[in-house]
Amino acid sequence: MGLGPSTTAADSSGSESIDAHWMRMALRLAREGLGRVEPNPMVGCVVVREGRCVGMGYHELFGGPHAEVRAFHDCGEEAFRGATLYVTLEPCSHYGKTPPCADLLIKHRPSRVVVAMQDPFEQVSGAGIQKLRDAGIAVEVGVLETQARALNAPYLKRIGTGLPWTIAKWAMTLDGAIATSTGDSKWISGEESRREVHQMRARMDAILVGSATVLADDPMLTARLGKDEGALARRAIRVVVDRRLQIPPTSHLVSTAREVPVWVMTSQEVMDQATGREKLAKLRDSGVRVELFPKEVSRDSGTFLREVLRIIANEGGTNVLVEGGPKVLGSLFEAGLVDQVECYIAPKILGEGGGMRPVAGQRVRKCIAESIRMSSGVWKSVGEDLHFSGVLSRQG
Ligand SMILES: NC(=O)c1ccc[n+]([C@@H]2O[C@H](COP(=O)([O-])OP(=O)(O)OC[C@H]3O[C@@H](n4cnc5c(N)ncnc54)[C@H](OP(=O)(O)O)[C@@H]3O)[C@@H](O)[C@H]2O)c1
(Lines give C-alpha, C1' and ligand atoms only; values in the text may rest on other atoms or scores of the structure.)
Protein backbone atom coordinates (compact mmCIF):
# COMPACT_ATOMS: atom_id res chain seq x y z
CA MET A 1 0.00 0.00 0.00
CA GLY A 2 3.06 2.30 0.29
CA LEU A 3 3.22 5.09 -2.24
CA GLY A 4 5.91 5.57 -4.88
CA PRO A 5 8.71 8.15 -4.87
CA SER A 6 6.55 10.96 -6.17
CA THR A 7 4.45 11.07 -3.00
CA THR A 8 6.19 13.77 -1.01
CA ALA A 9 4.91 16.79 0.82
CA ALA A 10 6.37 18.90 -1.97
CA ASP A 11 3.54 17.66 -4.22
CA SER A 12 1.00 19.66 -2.28
CA SER A 13 0.26 22.77 -4.31
CA GLY A 14 -1.52 24.82 -1.62
CA SER A 15 0.11 26.78 1.16
CA GLU A 16 -0.98 24.51 4.03
CA SER A 17 1.65 23.29 6.47
CA ILE A 18 3.41 19.99 5.94
CA ASP A 19 1.63 18.55 8.98
CA ALA A 20 -1.76 19.59 7.58
CA HIS A 21 -0.87 18.07 4.20
CA TRP A 22 -0.15 14.61 5.64
CA MET A 23 -3.06 14.80 8.08
CA ARG A 24 -5.40 15.55 5.18
CA MET A 25 -4.18 12.37 3.53
CA ALA A 26 -4.76 10.41 6.75
CA LEU A 27 -8.31 11.82 6.95
CA ARG A 28 -9.01 10.78 3.35
CA LEU A 29 -7.84 7.27 4.18
CA ALA A 30 -9.93 7.15 7.36
CA ARG A 31 -13.10 7.84 5.37
CA GLU A 32 -12.63 4.49 3.57
CA GLY A 33 -13.95 2.86 6.74
CA LEU A 34 -17.31 4.67 6.53
CA GLY A 35 -20.18 2.30 7.25
CA ARG A 36 -17.84 -0.58 8.10
CA VAL A 37 -16.11 0.30 11.36
CA GLU A 38 -19.02 1.61 13.44
CA PRO A 39 -19.59 1.67 16.39
CA ASN A 40 -15.82 2.30 16.26
CA PRO A 41 -14.55 5.62 14.85
CA MET A 42 -13.00 5.96 11.39
CA VAL A 43 -9.23 6.33 11.72
CA GLY A 44 -6.42 6.82 9.20
CA CYS A 45 -2.64 6.75 9.72
CA VAL A 46 0.20 7.94 7.47
CA VAL A 47 3.89 7.28 8.18
CA VAL A 48 6.35 9.88 6.89
CA ARG A 49 10.13 9.66 6.81
CA GLU A 50 12.36 12.34 5.33
CA GLY A 51 9.42 14.00 3.64
CA ARG A 52 8.11 10.84 1.99
CA CYS A 53 5.14 8.64 2.79
CA VAL A 54 6.56 5.20 3.60
CA GLY A 55 3.39 3.53 4.80
CA MET A 56 -0.26 4.02 5.61
CA GLY A 57 -3.32 2.26 6.88
CA TYR A 58 -6.90 2.80 7.99
CA HIS A 59 -9.36 1.02 10.25
CA GLU A 60 -11.24 -1.02 7.69
CA LEU A 61 -13.71 -3.17 9.56
CA PHE A 62 -15.22 -3.34 13.08
CA GLY A 63 -13.14 -5.76 15.15
CA GLY A 64 -10.28 -5.62 12.62
CA PRO A 65 -6.79 -4.14 13.08
CA HIS A 66 -6.55 -0.44 13.88
CA ALA A 67 -5.11 2.10 11.43
CA GLU A 68 -1.71 2.25 13.21
CA VAL A 69 -1.33 -1.55 13.03
CA ARG A 70 -2.16 -1.62 9.33
CA ALA A 71 0.26 1.25 8.68
CA PHE A 72 2.95 -0.62 10.63
CA HIS A 73 2.51 -3.74 8.52
CA ASP A 74 2.39 -1.59 5.39
CA CYS A 75 5.79 -0.02 5.96
CA GLY A 76 7.70 -2.80 7.72
CA GLU A 77 9.31 -3.00 11.12
CA GLU A 78 12.08 -0.44 10.79
CA ALA A 79 10.00 2.26 9.21
CA PHE A 80 8.31 3.51 12.43
CA ARG A 81 11.71 4.17 14.04
CA GLY A 82 12.49 7.87 13.74
CA ALA A 83 9.47 8.53 11.47
CA THR A 84 6.56 10.94 11.98
CA LEU A 85 3.15 9.32 12.30
CA TYR A 86 0.00 11.23 11.36
CA VAL A 87 -3.08 9.74 13.05
CA THR A 88 -6.60 11.18 12.79
CA LEU A 89 -7.53 10.07 16.34
CA GLU A 90 -5.53 9.56 19.52
CA PRO A 91 -3.94 6.07 19.56
CA CYS A 92 -5.80 3.77 21.95
CA SER A 93 -4.30 2.92 25.30
CA HIS A 94 -6.57 0.07 26.42
CA TYR A 95 -7.22 -3.56 25.53
CA GLY A 96 -10.40 -3.69 23.45
CA LYS A 97 -10.85 -6.08 20.53
CA THR A 98 -7.14 -5.46 19.81
CA PRO A 99 -4.10 -4.56 22.01
CA PRO A 100 -3.28 -0.87 22.66
CA CYS A 101 -1.86 0.97 19.64
CA ALA A 102 0.11 3.27 21.98
CA ASP A 103 2.16 0.21 23.08
CA LEU A 104 2.95 -0.65 19.46
CA LEU A 105 4.18 2.89 18.86
CA ILE A 106 6.28 2.92 22.05
CA LYS A 107 7.89 -0.39 21.03
CA HIS A 108 8.75 0.78 17.52
CA ARG A 109 9.68 4.37 18.41
CA PRO A 110 8.56 6.97 15.90
CA SER A 111 10.23 10.27 16.77
CA ARG A 112 7.01 12.25 16.55
CA VAL A 113 3.27 11.52 16.53
CA VAL A 114 0.83 14.10 15.16
CA VAL A 115 -2.77 13.51 16.30
CA ALA A 116 -5.80 15.34 14.88
CA MET A 117 -7.90 14.98 18.02
CA GLN A 118 -8.13 13.36 21.43
CA ASP A 119 -10.45 10.34 21.64
CA PRO A 120 -13.34 11.15 24.04
CA PHE A 121 -13.99 7.42 24.60
CA GLU A 122 -13.74 7.11 28.38
CA GLN A 123 -11.17 4.28 28.31
CA VAL A 124 -8.83 6.44 26.22
CA SER A 125 -9.60 10.14 26.77
CA GLY A 126 -6.03 11.48 26.72
CA ALA A 127 -4.39 8.35 28.20
CA GLY A 128 -2.95 7.28 24.81
CA ILE A 129 -1.32 10.68 24.28
CA GLN A 130 0.02 10.70 27.84
CA LYS A 131 1.45 7.19 27.46
CA LEU A 132 3.40 8.25 24.35
CA ARG A 133 4.69 11.43 26.02
CA ASP A 134 5.71 9.48 29.13
CA ALA A 135 7.74 7.20 26.85
CA GLY A 136 9.58 10.23 25.45
CA ILE A 137 7.80 10.45 22.09
CA ALA A 138 6.92 13.99 20.96
CA VAL A 139 3.16 14.31 20.44
CA GLU A 140 1.34 17.18 18.80
CA VAL A 141 -2.45 17.34 19.05
CA GLY A 142 -5.00 19.37 17.07
CA VAL A 143 -3.83 19.38 13.46
CA LEU A 144 -7.01 19.57 11.29
CA GLU A 145 -9.09 18.88 14.40
CA THR A 146 -12.23 20.48 12.94
CA GLN A 147 -12.08 18.17 9.91
CA ALA A 148 -11.41 15.14 12.14
CA ARG A 149 -14.44 16.05 14.31
CA ALA A 150 -16.64 16.39 11.21
CA LEU A 151 -15.47 13.02 9.91
CA ASN A 152 -16.38 11.23 13.13
CA ALA A 153 -19.40 13.37 14.08
CA PRO A 154 -21.69 10.28 14.41
CA TYR A 155 -19.20 8.51 16.73
CA LEU A 156 -18.72 11.70 18.78
CA LYS A 157 -22.47 12.20 19.07
CA ARG A 158 -23.08 8.66 20.32
CA ILE A 159 -20.21 8.83 22.81
CA GLY A 160 -21.21 12.32 23.99
CA THR A 161 -25.02 12.07 24.14
CA GLY A 162 -26.01 8.39 24.04
CA LEU A 163 -27.96 9.08 20.83
CA PRO A 164 -27.18 7.99 17.27
CA TRP A 165 -26.46 10.30 14.34
CA THR A 166 -29.85 10.71 12.70
CA ILE A 167 -30.20 11.25 8.96
CA ALA A 168 -33.51 12.41 7.49
CA LYS A 169 -33.96 11.26 3.91
CA TRP A 170 -36.70 11.92 1.41
CA ALA A 171 -37.35 12.20 -2.32
CA MET A 172 -39.61 14.94 -3.66
CA THR A 173 -40.84 16.53 -6.85
CA LEU A 174 -39.72 19.97 -8.06
CA ASP A 175 -42.83 21.40 -6.40
CA GLY A 176 -42.05 19.77 -3.06
CA ALA A 177 -44.39 16.74 -3.02
CA ILE A 178 -43.29 13.36 -1.61
CA ALA A 179 -46.44 11.47 -2.62
CA THR A 180 -49.66 12.07 -4.54
CA SER A 181 -52.81 12.87 -2.57
CA THR A 182 -53.72 9.17 -2.87
CA GLY A 183 -50.42 8.22 -1.21
CA ASP A 184 -48.59 7.00 -4.32
CA SER A 185 -44.84 7.67 -4.10
CA LYS A 186 -43.34 4.98 -6.34
CA TRP A 187 -41.15 6.24 -7.83
CA ILE A 188 -40.52 9.90 -7.36
CA SER A 189 -36.74 9.73 -7.77
CA GLY A 190 -34.95 8.09 -10.68
CA GLU A 191 -33.09 4.80 -10.85
CA GLU A 192 -29.63 6.26 -10.11
CA SER A 193 -30.89 8.03 -6.98
CA ARG A 194 -32.55 4.86 -5.76
CA ARG A 195 -29.31 2.93 -6.31
CA GLU A 196 -27.51 5.56 -4.24
CA VAL A 197 -30.07 5.14 -1.44
CA HIS A 198 -29.40 1.39 -1.38
CA GLN A 199 -25.67 2.15 -0.97
CA MET A 200 -26.56 4.59 1.82
CA ARG A 201 -28.66 1.92 3.58
CA ALA A 202 -25.70 -0.46 3.42
CA ARG A 203 -23.72 1.93 5.66
CA MET A 204 -26.46 2.31 8.31
CA ASP A 205 -27.08 0.57 11.62
CA ALA A 206 -30.83 1.18 11.49
CA ILE A 207 -33.48 2.39 9.07
CA LEU A 208 -36.52 3.93 10.72
CA VAL A 209 -40.00 4.64 9.32
CA GLY A 210 -43.44 5.58 10.61
CA SER A 211 -46.29 3.07 10.65
CA ALA A 212 -48.20 4.99 7.95
CA THR A 213 -45.32 4.52 5.51
CA VAL A 214 -45.44 0.77 6.14
CA LEU A 215 -49.21 0.77 5.57
CA ALA A 216 -48.93 2.86 2.38
CA ASP A 217 -45.82 1.40 0.75
CA ASP A 218 -45.16 -2.01 2.35
CA PRO A 219 -41.40 -1.39 2.00
CA MET A 220 -38.55 -3.88 2.51
CA LEU A 221 -36.02 -1.24 3.68
CA THR A 222 -33.08 -3.51 2.82
CA ALA A 223 -29.95 -2.56 0.89
CA ARG A 224 -30.22 -4.16 -2.52
CA LEU A 225 -26.78 -3.80 -4.08
CA GLY A 226 -25.01 -4.81 -7.26
CA LYS A 227 -22.88 -7.98 -7.35
CA ASP A 228 -19.60 -6.21 -6.56
CA GLU A 229 -20.98 -3.78 -3.96
CA GLY A 230 -22.25 -6.07 -1.22
CA ALA A 231 -19.12 -7.69 0.27
CA LEU A 232 -18.73 -5.35 3.27
CA ALA A 233 -22.31 -4.05 3.51
CA ARG A 234 -23.91 -3.65 6.94
CA ARG A 235 -27.30 -5.21 7.57
CA ALA A 236 -29.36 -2.43 9.10
CA ILE A 237 -32.08 -3.16 11.63
CA ARG A 238 -35.48 -2.05 10.33
CA VAL A 239 -37.32 0.00 12.94
CA VAL A 240 -41.02 0.97 12.82
CA VAL A 241 -42.44 3.57 15.20
CA ASP A 242 -45.99 2.36 15.69
CA ARG A 243 -47.68 3.31 18.96
CA ARG A 244 -51.07 1.77 17.96
CA LEU A 245 -49.46 -1.42 16.61
CA GLN A 246 -50.86 -1.08 13.12
CA ILE A 247 -48.12 -2.92 11.22
CA PRO A 248 -49.76 -5.73 9.20
CA PRO A 249 -48.45 -9.22 10.13
CA THR A 250 -48.51 -9.93 6.38
CA SER A 251 -46.23 -6.97 5.51
CA HIS A 252 -42.88 -7.50 3.81
CA LEU A 253 -41.14 -6.32 6.99
CA VAL A 254 -42.80 -8.85 9.28
CA SER A 255 -42.56 -11.73 6.84
CA THR A 256 -38.79 -11.23 6.46
CA ALA A 257 -38.06 -10.45 10.15
CA ARG A 258 -36.12 -13.69 10.66
CA GLU A 259 -33.73 -12.80 7.82
CA VAL A 260 -33.23 -9.09 8.57
CA PRO A 261 -34.15 -7.83 12.07
CA VAL A 262 -37.32 -5.77 12.54
CA TRP A 263 -38.00 -3.79 15.71
CA VAL A 264 -41.45 -2.37 16.35
CA MET A 265 -41.59 0.46 18.88
CA THR A 266 -45.03 0.69 20.43
CA SER A 267 -46.93 1.86 23.50
CA GLN A 268 -47.74 -0.24 26.56
CA GLU A 269 -51.32 0.95 25.97
CA VAL A 270 -51.75 -1.67 23.20
CA MET A 271 -51.70 -4.30 25.98
CA ASP A 272 -54.99 -2.91 27.35
CA GLN A 273 -56.90 -4.55 24.48
CA ALA A 274 -57.12 -8.30 23.71
CA THR A 275 -56.60 -7.53 19.99
CA GLY A 276 -53.38 -5.66 20.82
CA ARG A 277 -52.08 -8.52 22.96
CA GLU A 278 -52.86 -11.05 20.22
CA LYS A 279 -51.16 -8.96 17.56
CA LEU A 280 -48.11 -8.45 19.71
CA ALA A 281 -47.81 -12.22 20.25
CA LYS A 282 -48.18 -12.81 16.52
CA LEU A 283 -45.43 -10.32 15.71
CA ARG A 284 -43.08 -11.84 18.27
CA ASP A 285 -43.83 -15.32 16.87
CA SER A 286 -42.74 -14.01 13.47
CA GLY A 287 -39.37 -12.93 14.89
CA VAL A 288 -40.15 -9.23 15.36
CA ARG A 289 -38.67 -7.54 18.44
CA VAL A 290 -41.44 -5.49 20.01
CA GLU A 291 -40.51 -2.79 22.53
CA LEU A 292 -43.26 -1.46 24.81
CA PHE A 293 -42.91 2.12 26.04
CA PRO A 294 -44.76 3.49 29.09
CA LYS A 295 -47.58 5.81 28.08
CA GLU A 296 -45.87 8.81 29.75
CA VAL A 297 -43.12 8.34 27.15
CA SER A 298 -45.12 7.34 24.08
CA ARG A 299 -47.68 10.15 24.46
CA ASP A 300 -45.08 12.83 23.77
CA SER A 301 -43.83 12.47 20.19
CA GLY A 302 -40.40 13.99 20.84
CA THR A 303 -39.75 12.06 24.07
CA PHE A 304 -40.87 8.83 22.43
CA LEU A 305 -38.52 9.24 19.44
CA ARG A 306 -35.62 10.24 21.69
CA GLU A 307 -36.08 7.02 23.71
CA VAL A 308 -36.39 4.95 20.51
CA LEU A 309 -33.09 6.42 19.30
CA ARG A 310 -31.49 5.81 22.70
CA ILE A 311 -32.37 2.09 22.49
CA ILE A 312 -30.74 1.93 19.04
CA ALA A 313 -27.58 3.68 20.35
CA ASN A 314 -27.44 1.46 23.45
CA GLU A 315 -27.09 -1.51 21.11
CA GLY A 316 -24.16 0.13 19.31
CA GLY A 317 -26.19 1.93 16.60
CA THR A 318 -24.22 4.94 15.38
CA ASN A 319 -26.04 5.92 12.16
CA VAL A 320 -29.83 5.86 11.69
CA LEU A 321 -31.49 6.65 8.39
CA VAL A 322 -35.07 7.91 8.71
CA GLU A 323 -36.99 7.31 5.51
CA GLY A 324 -40.18 9.11 6.51
CA GLY A 325 -42.91 9.81 6.33
CA PRO A 326 -43.65 13.47 6.99
CA LYS A 327 -45.22 13.00 10.42
CA VAL A 328 -42.23 11.15 11.84
CA LEU A 329 -39.77 13.54 10.17
CA GLY A 330 -41.77 16.49 11.53
CA SER A 331 -41.60 15.13 15.08
CA LEU A 332 -37.86 14.48 14.75
CA PHE A 333 -37.13 17.98 13.45
CA GLU A 334 -39.31 19.59 16.13
CA ALA A 335 -37.50 17.63 18.85
CA GLY A 336 -34.09 18.69 17.47
CA LEU A 337 -33.14 15.08 16.81
CA VAL A 338 -32.06 15.37 13.15
CA ASP A 339 -28.35 15.77 12.39
CA GLN A 340 -28.20 15.42 8.62
CA VAL A 341 -30.48 15.72 5.60
CA GLU A 342 -30.33 13.67 2.39
CA CYS A 343 -32.84 15.04 -0.10
CA TYR A 344 -33.42 13.96 -3.71
CA ILE A 345 -35.28 16.34 -6.01
CA ALA A 346 -36.78 14.84 -9.16
CA PRO A 347 -37.70 16.88 -12.25
CA LYS A 348 -41.43 16.13 -11.84
CA ILE A 349 -44.37 18.32 -10.85
CA LEU A 350 -47.52 17.04 -9.15
CA GLY A 351 -49.34 20.37 -8.81
CA GLU A 352 -52.40 21.10 -6.67
CA GLY A 353 -53.27 17.48 -5.90
CA GLY A 354 -49.57 16.88 -5.12
CA GLY A 355 -50.47 16.08 -1.58
CA MET A 356 -47.81 15.53 0.99
CA ARG A 357 -44.81 17.68 1.76
CA PRO A 358 -41.73 15.99 3.23
CA VAL A 359 -41.81 17.45 6.77
CA ALA A 360 -45.01 17.89 8.77
CA GLY A 361 -45.27 19.53 12.17
CA GLN A 362 -47.41 21.68 14.38
CA ARG A 363 -45.03 24.52 15.00
CA VAL A 364 -45.95 27.58 12.94
CA ARG A 365 -42.96 29.56 11.76
CA LYS A 366 -43.88 33.15 11.01
CA CYS A 367 -40.69 34.17 9.30
CA ILE A 368 -37.85 32.63 7.30
CA ALA A 369 -35.42 33.55 10.08
CA GLU A 370 -37.09 30.84 12.20
CA SER A 371 -36.28 28.11 9.67
CA ILE A 372 -34.05 25.16 10.51
CA ARG A 373 -30.71 25.81 8.80
CA MET A 374 -27.82 23.74 7.53
CA SER A 375 -24.25 24.45 8.63
CA SER A 376 -22.86 22.79 5.52
CA GLY A 377 -24.23 21.15 2.42
CA VAL A 378 -23.36 19.81 -1.00
CA TRP A 379 -25.53 19.64 -4.12
CA LYS A 380 -24.84 17.16 -6.90
CA SER A 381 -26.56 15.66 -9.93
CA VAL A 382 -27.60 12.01 -9.77
CA GLY A 383 -28.97 10.87 -13.12
CA GLU A 384 -31.89 13.19 -13.84
CA ASP A 385 -32.26 14.20 -10.14
CA LEU A 386 -30.51 16.65 -7.85
CA HIS A 387 -29.19 15.41 -4.49
CA PHE A 388 -28.62 17.62 -1.44
CA SER A 389 -26.59 16.32 1.49
CA GLY A 390 -26.22 18.67 4.47
CA VAL A 391 -25.56 18.80 8.19
CA LEU A 392 -27.86 20.81 10.46
CA SER A 393 -26.48 23.76 12.34
CA ARG A 394 -29.09 23.50 15.09
CA GLN A 395 -28.71 20.45 17.34
CA GLY A 396 -31.17 19.37 20.01
N1 LIG B 1 -41.14 10.27 -1.16
C2 LIG B 1 -40.58 9.87 -0.02
O3 LIG B 1 -39.38 10.03 0.16
C4 LIG B 1 -41.43 9.21 1.05
C5 LIG B 1 -40.78 8.57 2.10
C6 LIG B 1 -41.56 7.98 3.10
C7 LIG B 1 -42.92 8.05 3.05
N8 LIG B 1 -43.52 8.65 2.00
C9 LIG B 1 -44.99 8.70 1.96
O10 LIG B 1 -45.43 9.28 3.18
C11 LIG B 1 -46.73 8.80 3.46
C12 LIG B 1 -46.84 8.46 4.91
O13 LIG B 1 -46.46 9.58 5.67
P14 LIG B 1 -47.23 10.05 7.01
O15 LIG B 1 -46.70 11.36 7.41
O16 LIG B 1 -48.69 9.91 6.80
O17 LIG B 1 -46.84 8.94 8.04
P18 LIG B 1 -45.48 8.41 8.67
O19 LIG B 1 -44.68 9.55 9.18
O20 LIG B 1 -44.85 7.39 7.81
O21 LIG B 1 -46.08 7.61 9.91
C22 LIG B 1 -46.87 8.32 10.81
C23 LIG B 1 -47.29 7.43 11.91
O24 LIG B 1 -46.13 7.05 12.66
C25 LIG B 1 -46.53 6.87 14.00
N26 LIG B 1 -45.62 7.54 14.90
C27 LIG B 1 -44.96 6.96 15.92
N28 LIG B 1 -44.24 7.84 16.57
C29 LIG B 1 -44.45 9.03 16.01
C30 LIG B 1 -43.96 10.31 16.29
N31 LIG B 1 -43.13 10.53 17.31
N32 LIG B 1 -44.36 11.33 15.50
C33 LIG B 1 -45.17 11.12 14.45
N34 LIG B 1 -45.67 9.90 14.14
C35 LIG B 1 -45.31 8.86 14.92
C36 LIG B 1 -47.91 7.48 14.17
O37 LIG B 1 -48.81 6.45 14.45
P38 LIG B 1 -49.03 6.05 15.99
O39 LIG B 1 -49.52 7.28 16.68
O40 LIG B 1 -49.97 4.93 15.97
O41 LIG B 1 -47.69 5.66 16.50
C42 LIG B 1 -48.20 8.13 12.85
O43 LIG B 1 -49.53 8.01 12.45
C44 LIG B 1 -46.96 7.64 2.53
O45 LIG B 1 -47.85 8.03 1.53
C46 LIG B 1 -45.62 7.36 1.93
O47 LIG B 1 -45.72 6.86 0.60
C48 LIG B 1 -42.81 9.23 0.99
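The values are calculated or read from the model by the stated rules, or taken from the named source; none is laboratory data. Computed from a predicted model, the values in this text were never measured in an experiment. Glycine gets a Cβ as well: all are built from the backbone with ideal geometry, and neighbour counts include every protein chain shown.
Points to keep in mind about this one:
- Looking only at residues in the range 304-314 that are of a type outside the set (A, V, I, L, M) and touching a residue at least 24 places away in the same chain (Cβ under 8 Å), the one that is surrounded by the fewest Cβ atoms within 10 Å (Cβ to Cβ) is N314.
- Counting only residues that are crowded, with 19+ Cβ neighbours inside 10 Å, without any contact (Cβ under 8 Å) to a residue 40 or more places away in the chain and part of a loop (DSSP other than H, G, I, E, B), the range 122-173 holds 1 of them.
- Some residue of the range 77-98 being assigned by TED's automatic domain parsing to the domain that holds R31, aliphatic (A, V, I, L, M), part of a helix (DSSP H, G or I) and within 25 Å of the chain's Cα centre (by Cα): no
- Within the range 174-209, if we keep just the residues that are of a type in the set (A, V, I, L, M, F, W, C) and surrounded by fewer than 18 Cβ atoms within 10 Å (Cβ to Cβ), the residue that is modelled with the lowest pLDDT turns out to be W187.
- For the range 265-278, the count of residues that are surrounded by 17 or more Cβ atoms within 10 Å (Cβ to Cβ), under 25 Å from D205 (Cβ atoms) and aliphatic (A, V, I, L, M) is at least one.
- Subset of the range 191-242 [within 13 Å of the ligand (Cβ to nearest atom), closer than 14 Å to V320 by Cβ and outside any helix (DSSP H, G or I)]: I207, L208, V209, G210, L221, V239, V240, V241
- The range 315-344 residues that are closer than 15 Å to A236 by Cβ, paired with ones that are within 9 Å of the ligand (Cβ to nearest atom) and part of a strand (DSSP E or B) (beta carbon under 6 Å, 6 or more apart): L321/K169; E323/K169; E323/V209; E342/K169
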